[in-house]
């Protein structure tokens, strides 16, 4: 299978795992909202888990709960980000956001329970020994909490009150938390499950995460709202500093391309086995959504 | 040490563990809000962890990260419960709620990161083998997610739109999730850490959790706002069904007392070693806050 076939197949596996994890739960609006929130999306984070594991000899079935955990964590962050007190978004993946389709209380609770579900999924014995699962729990907690994703969000909020545009260094730190930490954990998770050295995947993910965010900023300027399935041009309207406002359109494109080359180079030790991960890096800056 | 001395000493240990876990994190409003949210409170859930562990021969130092984890989880639930879209409370433990002292976005993020912190705390190797820590992660996830605490919250929200007062059975199910699940996990955690049979503590906690909630309903009617440190008489004003509205004041008191007797009886196999846990059960219905 080539990269785009793999991405689609893995998205199906991950969605099935998420929906099976939500089966048999109480039939409440909050449960319906959780199911709604985990549907769709590119599943790039989940793919990174599965592809990293595959490359290191671990079959999908053993790693899929970790891929689903990352996607549940990511889904929680989107539901809470979209809240009126945060980004106040009405549209996500081309559909009404959870608080628009239900209400704010349901969105808060569904996000809360999706975070819990992420840690619950990491308890799946299929992932390996208790030591392996504990390493995944510790890694996900570090990547998503106050040292990682939430810190990125906090820096983003603080940026709105700082009274000046952020510097390139500050935006890089912000994005390293907001999207980089979780992408980094996703890329390393396969190595953790396989019991292999996570260092090459860590370097790959650091470059990929930043390239991914620069591509997001480019998409916000050059993208199509229908294809993207969400509101665009928000950053420019809000007068926010972005990689594009700081580097210019061509400068941002060049920087993203250089980061993709860096991500590809980090995989040299794996030879052709890493071709799908190389394609994922290129995809991260060529996507339209 | 008698029960109230133990409760106070344990509260100190737990607060110190929480604050040390939050040391060295980025200095942001969300981190300050997390520190603020984990201060104070009775720490009954954390005490149950430490006392269960002590009774079974495990020193506090080995169990304190699990006690801190439960209190971080509890603190997250309070911060999110207090939000305008949930209970819309201005006062908690006699102080402004997080969204009143900071803002809603900070309260959402601080709650989110406190949940993550709870799972991070369970990674502490002092708690025991990876198997023991995984059992704690699985137990906390089950108690706090869509099968436990969040389900209780969801049932509480649903109750407001059902158009009739809840039955005793429905309220019991609601409270089993909302407060019972986490109290149950707290009481069992000591046995998990000690590698002992959790069954007697599980039965103790089931009775204690319900007694605790009936006492909350009684406090809402008979309590003093200054002593309680929060707004009272909300349920009556909102016309909500409670154990008091369904059983009457004396009926609710009698039911709580019977549950405490049941909780005490569940500890028979431990003899005098369980005296502090018996006191905790009595305390749960005699408290003024």
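The values are calculated or read from the model by the stated rules, or taken from the named source; none is laboratory data. Note that the coordinates shown come from a computational prediction; the quantities given were computed from them, not determined experimentally. In this analysis, Cβ positions are derived from the backbone assuming ideal geometry, glycine residues included, and neighbour counts consider all displayed protein chains.
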*Inspect the stretch A:6-29 for any residue being within 13 Å of chain B (Cβ to nearest Cβ), buried (at least 21 other Cβ atoms within 10 Å of the Cβ), within 29 Å of residue A:200 (Cα to Cα) and in contact with a helix residue (DSSP H, G or I) (Cβ under 8 Å, 6 or more places away or on another chain) and give the result as yes or no.*
yes
*When residues of the stretch A:50-76 are filtered for being within 11 Å of the chain's Cα centre (by Cα) and away from chain B (no Cβ under 14 Å), how many remain?*
2
*asked:* I need a count of the residues in the stretch B:152-172 that are more than 18 Å from residue B:243 (Cβ to Cβ) and away from every other protein chain (no Cβ under 14 Å).
replied: 1
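Do we find a residue being surrounded by fewer than 24 Cβ atoms within 10 Å (Cβ to Cβ) and free of Cβ contacts under 8 Å to residues at least 40 places away in the same chain anywhere in the stretch A:61-69?
Our first condition is that a residue be surrounded by fewer than 24 Cβ atoms within 10 Å (Cβ to Cβ); within the stretch A:61-69, this holds for A:61-62.
With free of Cβ contacts under 8 Å to residues at least 40 places away in the same chain added as a condition, the list becomes none.
Checked the stretch A:61-69: no residue is surrounded by fewer than 24 Cβ atoms within 10 Å (Cβ to Cβ) and free of Cβ contacts under 8 Å to residues at least 40 places away in the same chain.
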*Of all helices (runs of 4 or more DSSP H) completely enclosed by the stretch A:193-289, which ones contain at least 1 residues that are at pLDDT 95 or above?*
A:199-222, A:249-266, A:275-286
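Do you know which of the residues in the stretch A:121-133 that are surrounded by fewer than 24 Cβ atoms within 10 Å (Cβ to Cβ) and either touching a residue at least 24 places away in the same chain (Cβ under 8 Å) or within 21 Å of residue B:72 (Cα to Cα) (or both) is farthest from the other protein chains (Cβ to nearest Cβ)? Give the derivation first.
Residues of the stretch A:121-133 that are surrounded by fewer than 24 Cβ atoms within 10 Å (Cβ to Cβ), as a first pass: A:123-126, A:128-132.
In the following step, the residues that additionally are either touching a residue at least 24 places away in the same chain (Cβ under 8 Å) or within 21 Å of residue B:72 (Cα to Cα) (or both) were identified as A:123-124, A:126, A:128, A:132.
Numbers: A:123: 4, A:124: 10, A:126: 13, A:128: 10, A:132: 8 Å.
For the stretch A:121-133, the residue satisfying everything is A:126.
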*Residues of the stretch B:77-99 that turn out to be away from chain A (no Cβ under 11 Å) and either more than 25 Å from residue A:152 (Cβ to Cβ) or touching a helix residue (DSSP H, G or I) at 6+ places or on another chain (Cβ under 6 Å) (or both), as a count*: 9
*Can you name every residue in the stretch B:87-129 that is under 20 Å from residue A:88 (Cβ atoms) and modelled with pLDDT under 95?*
B:88
